[in-house]
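Read through the structure below, which is laid out as structure tokens, and then see the notes.
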Amino acid sequence: MNAKPRTLPRERIAWPIAGGVLGTFLALLHLGTGLTFGAGFLAWCGTGALVLVLSVHPIGARVGALLAGLFLAVPSFVADGPFARGALMCMGTGSLAVAAALVLGQPFTGLRDRLAYLHTYGNTHPITPHERGFDTAAFLRLVVATAFLAAGFAIVKVAAEYGLGLLVRWLGGEIAMLAVAELFTAGLPFAAAPLGINVPPMMQSPYRSASVSEFWSRRWNLRMSEFLFRKGCFEPVARHGVAWGLFFAFALSGVIHAVIAYVALWRWGISLLCGAFFLVQPLLMAAERYLKVRRWQPWARHAWTLAVLTLVSPMFIEPALQCVEPYWGGLGLVPLQALAVLGGVLAISIMTALGSLTARPVTARMAVEGAP
């Protein structure tokens, strides 16, 4: 995170902050009323549509951000289990990040301009033309990642069935988590290849990171990193020091994940542990600077990154596993569960690629005009 620090307009950023704080407060009241996941999903779709429609005007964009923040209260009403509530919280957080980006990116002249802004990370990662075809390399990576995902699921289930201990359980969970990241890494270019475009990545093979800093800044969940944590947290606070900006971004991430875990599981202990995982990350980055990890051999830097992240990953992996365990089932379900995750990733990738295709004429025009 080395972008030039900037100042956010207070009158704009106050709206998504107010919505997020109010929605989180209502969510923490634990007002469960038996709402179904399907109803919550429809509410999320409706909120997203309103955010896009209202963002045609600066005032409307602020109202949309407020509504996106208030949606965070909806998952607390859902009674379908921890995974359903956690998934809706993650979706709601993404919608709030999008709404905040649309507030800060005003003014827009049309829907395509808004889509272009979102799909190019604020007009910083252009959508470029590419020869249409079938991306064989991406397909093979999807196959391998799905196999690793199934292996991770199987390890977790075997550890539980035969009492192999928490270390084996957490190892399986980490393998599954990195496999999902690799599915997103390959899924988007695979979906975009037949459309003839190159699109900004969602993930960039996090398992290949050569430092903790690289893992978070260039490889993991890049869309959320760019819109929410870099532009909304790091850059404004970094005016007072890069270390402060880094700590604030991870502290906010810790709070968000702790709230998501709490609404999913309704237990504070493990939820705070999940949030603490993100507070540890700046300390790991400071340690690698102190140890001058950048000067190490590539294999040693890679080993360091995997080792330290594996060491602290149970703080994040265990809450995630407890969210999905009520739906776990036996070993026989592993192939179907892995394929279901693959299908979900491909659906998200296809929708993202189609949105990028719609925005492509705008980004082409901006390139000609020399827009940033």
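List of remarks:
- Cut-off under 5 Å, modelled amide H: who pairs with Thr128 long-range: Asn198
- Kirkwood Rh and Cα Rg combined as Rg over Rh, evaluated for the range 44-124: 1.03
- The Ala340 and Leu22 beta-carbon pair, evaluated with R₀ = 51 Å, returns a calculated FRET efficiency of approximately 0.90.
- Residue-averaged [θ]222 nm for the chain, counting only DSSP H segments that reach four residues, each worth -39500 (n - 2.57): -22500 deg cm²/dmol
- Annotation for the range 264-361: trypsin sites (Lys or Arg not before Pro) lying in DSSP loop with at most 15 further Cβ atoms inside 10 Å of their Cβ are Arg267, Lys292.
- Stokes-Einstein D for the range 134-354, Kirkwood Rh over Cα pairs, 25 °C, 0.890 mPa s (µm²/s): 132
- Computing semi-axes √(5λ) of the Cα gyration tensor in Å directly from the structure and comparing it against (1) 54, 29, 16; (2) 30, 25, 23; (3) 30, 25, 20 singles out (2).
- Gain on full extension, evaluated as 0.36 nm per residue between Ala303 and Arg289 minus their Cα-Cα distance, stands at 3.5 nm.
- Axial C-alpha extent at least 27 Å, average Kyte-Doolittle at least 1.6 - helices from the chain (DSSP): 242-265
Values quoted throughout were computed directly from the atomic coordinates according to the rules given, and no laboratory measurement underlies them. All values reported here derive from a predicted model rather than from experimental measurement. Glycine also receives a Cβ, built like all others from the backbone with ideal geometry; neighbour counts cover every protein chain displayed.
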